[in-house]
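Asker: Right, I'll just put the structure down here and ask away after.
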Amino acid sequence: MSVLFVTGTGTEIGKTVTTAAIAAAALAGGRSVAVLKPAQTGVTAHEAGDVAEVERLAGPVTGVELARYPEPLAPATAAQRAGLPPVGPREIAEAAAELAASHDLVLVEGAGGLLVRFDAAGHTLADAARLAEAPVLVVAQAGLGTLNATALTALALRSYGLASPGVVIGSWPAAPDLASRCNLADLPEAAGAPLLGLVPEGSGGLAPDAFRTAAPEWLAPALGGSDAFRVPA
């Protein structure tokens with residue numbers, strides 16, 4: 001897959017760090033990588049956004065933002081309140097296709113969950129992925145409540161006719177509780193797709209060199225990770 005959309009079952013669950021891990025693994029494999037952020041919210045013009053964080057952690061990727069809105073809200077609301085134009089699905093799909101023409105892998109990181117509104121017409125990341133004819137990776141939480149959120153996201157993906165390569169846990173705890181351990185087996189069933197990664201909690205705080213060295217070990221080969229990747233028993 002040359003274009004991969006990355007969505008979450010919610011916000012603040014490790015989507016950006018997961019994107020960085022996939023980018024780092026691809027770069028380590030000699031692939032060229034672009035990271036597209038259609039709408040960056042909650043960041044002012046002079047602050048570093050998610051693309052900058054991926055660049056810091058993963059290394060030399062081509063980073064592109066289509067729009068930036070200062071308030072930490074859904075893109076449609078943030079655009080309206082800022083008096084700025086929204087980003088539509090066709091613009092996202094066309095930007096991804098343009099980047100794919102010159103890169104081995106394009107990662108399109110959404111904002112929040114799959115069905116967050118990007119414009120007043122109610123278009124979402126799912127609409128953009130459908131236009132791009134691209135699969136959608138789901139980043140999920142580890143613990144209690146994640147099965148329902150993941151199943152709902154998977155249901156929405158199917159309703160749009162979108163494929164998903166699998167699920168990544170965006171912040172796997174150092175000391176997982178019972179629910180988190182059970183979810184290792186239950187998440188693939190909820191998602192209807194395999195568990196393809198476990199990104200350790202706090203990974204975004206690693207030094208870039210350490211992050212890049214470790215990232216392939218957190219991901220299954222389907223995401224460019226290591227053959228040594230294993231889901232804990």
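The values are calculated or read from the model by the stated rules, or taken from the named source; none is laboratory data. Model, not experiment: these values are computed from the prediction. Here the Cβ positions follow ideal geometry from the backbone for every residue, glycine too, while neighbour counts run over all protein chains shown. Areas reflect the complete protein model, heavy atoms only, side chains present, ligands, DNA and RNA absent. Shrake-Rupley method; radii C 1.70, N 1.55, O 1.52, S 1.80 Å.
Asker: Taking region 2-26, which residues are assigned to a helix (DSSP H, G or I), touching a helix residue (DSSP H, G or I) at 6+ places or on another chain (Cβ under 6 Å) and open to solvent by 10 Å² or more (accessible area, probe 1.4 Å)?
Answerer: T16, V17
Asker: Scan region 115-134 residue by residue and report those that are closer than 19 Å to Y69 by Cβ and either touching an Asp or Glu at 6+ places or on another chain (Cβ under 6 Å) or assigned to a loop (DSSP other than H, G, I, E, B) (or both).
Answerer: Correct list: L115, V116, R117, F118, D119, A120, A121, G122, H123, T124.
Asker: Further question: Consider L105 carefully, then state whether it is open to solvent by 20 Å² or more (accessible area, probe 1.4 Å) and either modelled with pLDDT of 95 or more or of a type in the set (S, T, Y) (or both).
Answerer: When the stated conditions are applied, L105 does not pass them.
Asker: Let me ask something else. Quick test for you: out of A149, A126, pick the one residue that is small (G, A, S), modelled with pLDDT of 95 or more and crowded, with 20+ Cβ neighbours inside 10 Å.
Answerer: Of A149, A126, the one residue that is small (G, A, S), modelled with pLDDT of 95 or more and crowded, with 20+ Cβ neighbours inside 10 Å is A126.
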